[in-house]
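What follows is a set of notes on a single structure, which appears directly below.
The values are calculated or read from the model by the stated rules, or taken from the named source; none is laboratory data. Bear in mind that the values here come from a model prediction, so they are computed numbers and not experimental data. Cβ placement follows ideal geometry from the backbone for every residue including glycine, while neighbour counts extend to all protein chains displayed.
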Amino acid sequence: MNFFIPTQIFNETDCVAKHASIFANAGQKALLITGRSSAVKTGALTHVTDALTSQGITWCLFDQIEENPSVETVVAAADFGKAEGADFVIGIGGGSPLDASKAIALLMANPDCGREILYKKATLSHLPVYAVPTTAGTGSEATPYAILTLHDAKTKRGIAHRIFPVAALVDPTYLTIAPQPVLHNTAVDAFGHLVESYFNRGTTLYNQMLCEYALKLWGDAAPALVAAAKENIALSGTTYVLLSNASTMAGMAISHTGTSIPHGLSYFLTYEHGIAHGKAVGTFLVPYLRAYPNQDEVAYFLTLLGIDTLDELEALLLALIGTVTVTDEDRSRYITSMLSNQAKLANCPYTVTEELLRTYFANNALIA
Ligand code: NAP
Ligand code: ZN
């Protein structure tokens, strides 16, 4: 077994201000990477710039990271950072800016190389990366992964390099302004990481330890999400803390195992139909569990969540993320492509055939 998370992780209210000194030796000038508005709306951007100023560090801002960031965007951001002379990178936002920061840090440290290094296996240096997450889903603050959109290949794919943030400053209060779909979709993404890490060919006691604890936290938060949505009331601060911790722990878990079929299939729904990452992943989680040969292990996993059956889990996911539409033509293409995704297939703990993948789409309450 092996356990390795080199990221220093803080989780608390006012996290960035309280740990401003973490940036003291990070570099001279920070490249801040954000999406178009959430870093401002949450206050996270101001918290980071205040922290940098308190340490005498200058900064520049690239605020054009789109959801599911593309290779083109990270190249543009890296060019900007190089022109500005930045020597470290801080990602602020959801998984998209965080993942983009890792790819940007790689490109900036290798200015003589082109974008092709992103997907070439090689030992390359990268600038230090810091992460300030504003969603509770991807766990990117505690993973070495960076998933980018490849328009040439019409899909999404993780870069070939493992880049852990030096430090992650997690403040659950950033979640309080997240719209309901963002909260629900990202929560289901974190749950997907727990499912696909626990039931994974590479599973060990270490990632199971993380999954088991995070499942209890997530299982306490999920009914509150559903109830609050039904009654149109605000969530409690406790629920945000539960979601935030479950997400980071789930990130630590997939750092050791990777993800499997639900993530592999999700990329088609996201690329071709713009379905949010967590919702796309959530569509395939119950079928992934139904196909697992040892249903006693699945039953144990569900008890940690406080749930009795897979039907009950399906109803919970349906309440959180709703349905997607998949045509017969799409379904056949996705199945064919999935069968050639060796990396995701290798993580699956059971044999995957075309026939089995068909069951993922048949009788699936999340596919309309
Ligand atoms: P996201 O794409 O980063 O953000 C989704 C939307 O939520 C954006 O419109 C964003 O606004 C907004 N937003 C973010 N935080 C908010 C807040 N606190 N309040 C209000 N709005 C907020 O979503 P994500 O689900 O966190 O990240 C998805 C990406 O992460 C995908 O590309 C996925 O493949 C990747 N991912 C990575 C890993 C990993 O291990 N590295 C794991 C799973 C998924 P702005 O655009 O204005 O910021
Ligand atoms: Zn995910």
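Of all residues in segment 18-65, those satisfying the criterion of being among the small types (Gly, Ala, Ser) and surrounded by fewer than 14 Cβ atoms within 10 Å (Cβ to Cβ) are 21, 24, 37, 54, 56. Evaluate segment 159-182: report whether one residue or more is in contact (Cβ under 8 Å) with a residue 24 or more places away in the chain and more than 29 Å from residue 47 (Cβ to Cβ). For segment 159-182, residues in contact (Cβ under 8 Å) with a residue 24 or more places away in the chain and more than 29 Å from residue 47 (Cβ to Cβ): present. The number of residues in segment 66-123 that are closer than 21 Å to residue 155 by Cα, buried (at least 24 other Cβ atoms within 10 Å of the Cβ) and within 16 Å of ligand 2 (Cβ to nearest atom) comes to 9. Filtered by the rule that a residue be charged (D, E, K, R), under 25 Å from residue 126 (Cα atoms) and within 24 Å of the chain's Cα centre (by Cα), segment 1-43 gives a lone residue, 36. Counting only residues that are in contact with a strand residue (DSSP E or B) (Cβ under 8 Å, 6 or more places away or on another chain), surrounded by 13 or more Cβ atoms within 10 Å (Cβ to Cβ) and β-branched (Val, Ile, Thr), segment 322-368 holds 4 of them. Residues that are part of a helix (DSSP H, G or I), within 13 Å of ligand 1 (Cβ to nearest atom) and touching a strand residue (DSSP E or B) at 6+ places or on another chain (Cβ under 7 Å) are absent from segment 50-68.
Using the structure shown, decide if residue 207 is at pLDDT 95 or above, buried (at least 24 other Cβ atoms within 10 Å of the Cβ) and either more than 10 Å from ligand 1 (Cβ to nearest atom) or closer than 24 Å to residue 315 by Cα (or both). Yes, satisfied.
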